[in-house]
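Shown next, in C-alpha cells, is the structure this report addresses.
The values are calculated or read from the model by the stated rules, or taken from the named source; none is laboratory data. All values derive from a computational prediction rather than experimental measurement. Here the Cβ positions follow ideal geometry from the backbone for every residue, glycine too, while neighbour counts run over all protein chains shown.
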Amino acid sequence: MKLSIVILNWNGSHHLRRFLPSVVKYSRYDWAEIIVADNLSTDDSCSLIKNEFPEVKLLQLNENYGFAKGYNQALSENFADYILLLNSDIEVTENWLEPLIQIMDNDPLIGACQPKILSLHEPQKFEHAGAAGGFIDHYGYPFCRGRIINSLETDNGQYDNPISVFWASGAAMLIRGKLWHESHGFDGDFWAHMEEIDLCWRLKNKGFKMVVIPESKVYHLGGGSLAYGDPRKIYLNFRNNLFLLYKNLPENRLLKTLFIRMTLDGIAAIQFLLTGQLKSFIRVLAAHRDFYKSLSSLRKKREALIAQIEVTSHPEIYKGSIIFEFYILRKRKFSALNFTTKA
C-alpha cells in the first residue's frame, strides 16, 4: 500500500461519526487505505466502524496506550510507503492528499509534511496545533506560522507558500514509512504532546526536511483529548518540553538552555499561583519533579542520539525568545518576527 491514513481513537465515537465521513469521501484511492486504531475504547467506537464504515479498517489495541505509544503499537506492522497520522477531530477537504503526496514523491529529502490547519470553530483562523507550520525558539517554546502562544491569526493567504519548518503537526502529519520505523516512531514516554516535535528534531538531525504544504487544507476541532488549559495538558507540556530539550540539544547549549528554561517555568508557575490556578501551579512542579526522576532513561536516549545531534542549530530554530517577543514586545503575528524562513 502506498498510503495508510491512521486515526488513533479512544472513546471518540462522536468524533468518528462527525469527521470520518469527510476522510472517507476525499481519500478514496486504490493506493490509499484508512485505518482506525482503537485504544481500547469503552464507548461504541468499534461497533460504529464495523457497522457504518465498512471501507475503514479497524485495528483494536489491547489497552489504552495514549497517543505516542498508541501510534507506535498501531504502526508496528504497517509497512506502507507513506503513513498519515490524522487526529479523529479533523475534517479534511477535497484534494487534500495529492499535494502532500506529490511533494514527498518529488523530494526524497523531505521526511514529513503537513497541510495548512485551520480552526473548525472559526474557519477563517488558523488552529493552534500546527497552523501553517511549526517552529521552536532558542529555549524550546513551540510556535507556528499563524499562531504565537495563544494568539491565532486570520488566514488571509499570507502563509500560502510552502516552506521548510522545524516540525510538522501530529494532528495531520504525513511521514515516510521507512523513516518512521528507522526512527522507532514516537518516544512513548511523552504519552502525548510534543512527541511529534521530538520525532521531527531527530529526523532533521539525520538530514531530512519538514515542510508545510498550504495547498492542502484541513480543519481541526482541537482539544479533543485534553482541553486547552487542562492541568494534565499543562503538566505534559512542561514535562515533555524538558524531555525534548534534554534529548536533542547540542552539548554546547544543553545546560545553559535548560537552566534558563526551567527558570522561565518557575516564573510561569508563580504566575499560576498568583492568579489562583493552584492545580496548574502544582502541575508545573510535578513536571519538573518527573523530569529529574526520568534523567537516567533520558541520558540513555541522548547517548543513542548523540552522534546525530548537530553542534550548530537548525535555521528553523528562532534565535530569540518567543516569550519575550510576545509578552514584552507585543508581537502577535509570525510576520512581525525578525525570522527568515526558506522554501
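Just a few scattered comments:
- Test for His128: is it within 14 Å of the chain's Cα centre (by Cα) and surrounded by fewer than 23 Cβ atoms within 10 Å (Cβ to Cβ): yes
- Some residue of the range 311-334 being touching a Cys at 6+ places or on another chain (Cβ under 8 Å) and not assigned by TED's automatic domain parsing to the domain that holds Lys247: yes
- Assessment of the range 174-183 against the conditions (part of a loop (DSSP other than H, G, I, E, B) and either within 21 Å of His121 (Cβ to Cβ) or out of contact with any Pro (no Cβ under 9 Å at 6 or more places or on another chain) (or both)) yields at least one matching residue.
- Qualifying residue in the range 191-205 (condition: under 22 Å from Ile103 (Cα atoms) and of a type in the set (Gly, Ala, Ser)): no
- Check on Leu59, over 22 Å from Tyr219 (Cα atoms) and either within 23 Å of the chain's Cα centre (by Cα) or among the acidic types (Asp, Glu) (or both): yes
Per-residue answers, yes or no, for (1) closer than 25 Å to Asp160 by Cα; (2) touching a Ser or Thr at 6+ places or on another chain (Cβ under 8 Å):
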position	(1), (2)
Leu16	no, yes
Val24	no, no
Tyr29	no, no
Leu61	no, no
Val92	yes, yes
Pro108	yes, no
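- When residues of the range 301-328 are limited to those that are under 26 Å from Asp187 (Cα atoms) and aliphatic (A, V, I, L, M), the one nearest to the chain's Cα centre (by Cα): Ile317
- Annotation: Ile213 fulfils all but one of (1) modelled with pLDDT of 95 or more; (2) within 14 Å of the chain's Cα centre (by Cα); (3) of a type outside the set (Phe, Trp, Tyr); (4) buried (at least 18 other Cβ atoms within 10 Å of the Cβ); the unmet one is (2).
- The requirement of being more than 22 Å from the chain's Cα centre (by Cα) and crowded, with 21+ Cβ neighbours inside 10 Å is satisfied by Ser45.
- Qualifying residue in the range 163-171 (condition: among the hydrophobic types (A, V, I, L, M, F, W, C), at pLDDT 95 or above, under 27 Å from Glu77 (Cβ atoms) and not in a loop (DSSP other than H, G, I, E, B)): yes
- Residue in the range 295-308 that is of a type in the set (S, T, N, Q), in a helix (DSSP H, G or I) and modelled with pLDDT under 95 present: yes
A quick yes/no check of all residues on (1) surrounded by fewer than 21 Cβ atoms within 10 Å (Cβ to Cβ); (2) of a type in the set (Val, Ile, Thr):
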residue	(1), (2)
Gly12	no, no
Tyr26	yes, no
Val36	no, yes
Asn39	no, no
Phe67	no, no
Leu75	no, no
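- Every listed requirement among (1) loosely packed, with under 14 Cβ neighbours inside 10 Å; (2) touching a His at 6+ places or on another chain (Cβ under 8 Å); (3) hydroxyl-bearing (Ser, Thr, Tyr) is met by Thr275 save one, (2).
- Some residue of the range 282-300 being within 22 Å of the chain's Cα centre (by Cα), surrounded by 15 or more Cβ atoms within 10 Å (Cβ to Cβ) and under 15 Å from Arg202 (Cα atoms): yes
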